[in-house]
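Accompanying notes for the structure given below.
The values are calculated or read from the model by the stated rules, or taken from the named source; none is laboratory data. Quantities reported herein were computed from a predicted structural model and do not represent experimental measurements. Note: ideal-geometry Cβ built from the backbone for every residue, glycine included; neighbour counts use all protein chains shown.
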Amino acid sequence: MVEYRKVEALLLILKKNMKIKKLIIVSVLAVAILGFGFVASAQTTNVQALIAQLQAQIVSLMAQLQALQAQQNGTQAWCHTFNKNLGVGSTGDDITALFTALTKEDIISQYDSPGSVRMQFYEETATSVIKFQAKYGILQTGYVGPLTRAKLNALYKCGTTSTPTPTQSLITISFPQANSNVSFPLTVTGSINSNWGRFEGTAGTAQLYFWVGSMMAGDWQKIGTPVSITVDNWTSPTTNFHFTANLNNSGIGLANGTKMKIILTEENASGLGTPDTFELPIILNSTTLSTYKNNKYGFEFNYPVSWQTETGTLNGNGPAGNNESLFKVRKSDESAIIYFDIKELGSTDLGIYYASAKNLQEYLNLLSNKNEKGEIIRKFIRNITVAGQTTYEYELYGWDYVKQLNDWSPDIYWQQGNNIYRVSTAGASRDDILSILSTFKFVAQ
């Protein structure tokens, strides 16, 4: 009888605290009745154990009740509104909130980092952000930009449960890739997907920074002044752009491998909303570069000192001699080759079928995009800028001399004066080509 009264007292406590949850009370009563029916039929049952089980169930049900009441009252145990883009080097309350969110997502443990570390965004933080982005199907950059913030706010924003929309503009970079090794001058290409209208002339500014200090403590320092982001072309709502970042390292002495970043800020002449920003993390590659100079056509570019140039030949079978219209840049072991082919419009060098082309666009229109089987072998990818010229980047499907198989590879064209420049590859990556073309410039003869 004494044990039964203990159970009654527990149920009265539960009833007092859970008046709005009749279903929970019924559940506990059912457990009690069944449990004590079992006691009545089996005198040897440990009644104390049954009471302990009931107590555990009450604790669990009380926790459920608190969660339900929180939902009804529209409250959350923790919330934060993410209003800023975050990347390596960012500091402040947003970083602490980011760690909290990642902990709640079971991506990191609350014991992973001490409190002081949770005030700054490190490379390890970027790795955790990549896991969060992968979890929710977001492009995995390790940078907390508009899309990642939108998801964080959908989950944890204070004062609302509605899903926020991304900011009106979104900057993307096509070259170089984030955290890649770069040399200067560095030409960056990308696009802005904007709903605010067309950019004229310039689309914003870009500022170069380098990291001072250790991985755990330090700060970002500016280098030079912001450079303008130049508009290449516009197809609503996308604006393609480029800019060239220069580094005068003679007075700074940055070492090879120095962590750097470029912050792009979108132009916002209308004053509507908040301009989009983008952080591009890069790593300084101060390895000595060689310079190729072409006296016939008046241009030069830099290439890795470990590579070689060879004129007058393609695939090892071309004409020998100093032919500045036809040359290649290659790794010493020929595991990657970049071909340069320069031909004059209207000449038979282009081929009889293409000799009628009066400009680059007419020439490209004459090129076949399909083989004799009707299969696609050439497709337009994007416009980029080389030495101030609009360049057409294609992908071409064909035999790769290095890989010894059919594969897609970059195929790039632009026009300078009356000449058509073509750059293609065997074994080399798009980044290999663009890292060289980013230094390509015409020089006074």
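Going through region 333-355 one residue at a time, which ones are closer than 18 Å to Lys403 by Cβ, of a type outside the set (Val, Ile, Thr) and touching a residue at least 24 places away in the same chain (Cβ under 8 Å)? First the steps, then the outcome.
First, the residues of region 333-355 that are closer than 18 Å to Lys403 by Cβ: 333-339.
From what's left, of a type outside the set (Val, Ile, Thr): 333-336, 339.
Matches in region 333-355: Glu334, Ser335, Ala336, Tyr339.
Count, please, the residues in region 60-107 that happen to be at pLDDT 85 or above, among the hydrophobic types (A, V, I, L, M, F, W, C) and under 29 Å from Gly218 (Cβ atoms).
The qualifying residues number 9.
Test Thr309 against the criterion of being exposed (fewer than 14 other Cβ atoms within 10 Å of the Cβ), of a type in the set (S, T, N, Q) and either at pLDDT 80 or above or assigned to a loop (DSSP other than H, G, I, E, B) (or both), and give yes or no.
no
Within region 397-415, which residues are under 29 Å from the mean Cα position of the chain (by Cα) and among the aromatic types (Phe, Trp, Tyr)?
Matches in region 397-415: Tyr397, Trp408, Tyr413, Trp414.
Quick check: anything in region 207-215 within 20 Å of the chain's Cα centre (by Cα), modelled with pLDDT of 80 or more and at positive phi?
The answer is no, given that none of the residues of region 207-215 is within 20 Å of the chain's Cα centre (by Cα), modelled with pLDDT of 80 or more and at positive phi.
Of the residues that sit in region 224-241 and are small (Gly, Ala, Ser) and over 13 Å from Thr187 (Cα atoms), which one is surrounded by the most Cβ atoms within 10 Å (Cβ to Cβ)?
Selected residue: Gly224.
Is it the case that some residue within region 146-166 is of a type in the set (A, V, I, L, M), at pLDDT 80 or above, closer than 18 Å to Asp93 by Cα and touching a Gly at 6+ places or on another chain (Cβ under 6 Å)?
No - not one qualifying residue is present in region 146-166.
Listed here are the residues, each with its yes/no results for (1) assigned by TED's automatic domain parsing to the domain that holds Asn240; (2) surrounded by 15 or more Cβ atoms within 10 Å (Cβ to Cβ); (3) aliphatic (A, V, I, L, M); (4) touching a helix residue (DSSP H, G or I) at 6+ places or on another chain (Cβ under 9 Å).
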| residue | (1), (2), (3), (4) |
| --- | --- |
| Arg378 | no, yes, no, no |
| Leu396 | no, yes, yes, no |
| Gly417 | no, no, no, no |
| Ser424 | no, yes, no, yes |
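May I ask you to list pairs of residues, at least six apart or on different chains, whose Cβ atoms are under 6 Å apart, with the first in region 84-108 being under 13 Å from Tyr156 (Cβ atoms) and in contact (Cβ under 8 Å) with a residue 12 or more places away in the chain and the second being among the aliphatic types (A, V, I, L, M) and assigned to a loop (DSSP other than H, G, I, E, B)?
Filtered contacts from region 84-108: Leu102/Ile108.
Quick check on region 349-362. Is at least one of its residues under 36 Å from the mean Cα position of the chain (by Cα), closer than 24 Å to Trp408 by Cβ and not in a helix (DSSP H, G or I)?
No, the conditions are met nowhere in region 349-362.
Would you check which residues across region 416-445 are in a strand (DSSP E or B) and either under 28 Å from the mean Cα position of the chain (by Cα) or without any contact (Cβ under 8 Å) to a residue 60 or more places away in the chain (or both) and list them?
Val423, Ser424, Thr425, Ala426, Gly427
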